[in-house]
Amino acid sequence: MKAAIYFNELQPLLYGYYICKGVIFLHRKISVAVFTVLTAMFMCGCTSDKNTVGQSAGHNNRGGRTPAETAFLTDGKEKVCYGQGYETDSDNRPVGAIQAQEKYGSYGGRFIFGKDDKTIRLTFDEGYENGCTGKILDILKEKKVTATFYVTLDYVKSSPELVQRMINEGHEVGNHSCTHPSLPDISDDMVFEEIHGLETYISDNFGGYKTVTMRPPRGEFSVRTLRIAKNMGYDTVLWSFAYNDWNTDAQPDRDTAYRRITSATHNGAVYLLHAVSETNTAILPDVIDYWLDNGYTVKSISG
C-alpha cells in the first residue's frame, strides 16, 4: 500500500525526467545533423547568398532570358557571370546594372553611372583584329567623340599601329588581361599577373602609357578579383548595354541592331560593342548621331 502511494507521488517526477532526457537526446541528434549539413556546405564552397543580378550575355551566348549564372568555387568565393538583363526602370535604365552597381560598386566595380548623367560611355572589346578598328577610329574622329578600347596582350602585339593610333587620337586603352581567362577561376597571383603583365607591356612599348581601367574577360568576376584589381589601382568596368554582336559568322541585321542599340539609350550608360562586328562598324555613324541629336555626350570611361 505504501509502495503504491510512493509510486503515485514519484510518477510525475519520473515522467518529467524521461521527457527531459528525450529532449536532450533529440537536441543532440538535431545539432549533429545541422553541423553535418553546414560542414558539407562549407567543404563544397556553398552559400545561400546566390547572386541573381541581371541576365547573362556575352561570349558564351548567354544573351537569352535566363537568370544570370552563379558558380561557387571551392574557396567559397562567388563567381558572377554578368549580364545587364532586359528589365528596365522608368528611366529606361537596366535594373540588372543598377543592382550590380549597388552590390559591387564599393569593390571597384563599374556597371552604370548616375541617373542624371546624360553621357554615353562607349567601349569596344578587342580580342583580335577583324579589319574594323581602323574604320571605327575614322568614325570616332569624324564625330569628335572618344571611346575606351579594352585590349588583350595578343591584340596589342599583333596590332601595335592601331593601339598607338588609339592613344594618339585621345582614346583610352583599357586592360582586358593577357590571355583572356576567367579571372575567378585562377589564383590571386595569376589574376595579378594577367593584369600587370599587360599593363607593363603597354607601358614599355607605348611611351609609358598607363592603363587605369580593366574589363574582366567574359564578364566573369568575383569580389576577390574586384578587390585585387582595386588594390592595383583599377576600376573593373562591365557594362549597362551589350548584345550578341561578337559572332562574325552570325552578324545581326543592321536595321535590327540599330534599333536595339538606340532604343536602349539611357543616362549613365556604359555601352559594350565588339570591334570585330561589321554590323557595328556600319551603323556606328548613325548610332552616334542619334545620341548626339538627343543631347548625349559620348566619351570614354575615363574621359
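Of note:
- Note on Arg259 and Tyr209: the model spin-label points, each 7 Å out from Cα along the C-beta direction, lie 3.8 nm apart.
- Sorted by Cβ neighbour density within 10 Å, fewest at the top, the residues Asp189, Asp289: Asp189, Asp289
- Normalised contact order of the range 69-299, rounded percent, pairs of Cα under 8 Å and 6 or more residues apart: 30 percent
- For the range 208-221, 3J(HN,Hα) per residue [Karplus equation, 6.51 cos²θ - 1.76 cosθ + 1.60, θ = phi - 60°, Hz, x = Gly/Pro]: x, 4, 10, 7, 10, 10, 9, 10, x, x, 6, x, 9, 8
- Cα gyration tensor shape of the range 69-299, rounded if a/c is under 1.5, else prolate or oblate by comparing a/b with b/c: oblate
- When the listed pairs Lys79/Lys230; Lys115/Lys141; Lys143/Lys299; Lys118/Lys210; Lys118/Lys230; Lys79/Lys157 are checked against a 19 Å cut-off, the alpha-carbon distance exceeds it for Lys115/Lys141; Lys118/Lys210; Lys118/Lys230; Lys79/Lys157.
- Near Tyr150, the amide H atoms lying under 5 Å from its own belong to Phe124, Asp125, Glu126, Gly174; only residues 5 or more places off or on other chains count, and H is placed 1.01 Å from N.
- Under 16 Å from the Asp293 label point (7 Å along Cα→beta-carbon), backbone N, the range 132-146: 143
Values quoted throughout were computed directly from the atomic coordinates according to the rules given, and no laboratory measurement underlies them. It should be emphasised that the depicted structure is a prediction, and the values quoted were computed from it without experimental measurement. Glycine gets a Cβ as well: all are built from the backbone with ideal geometry, and neighbour counts include every protein chain shown.
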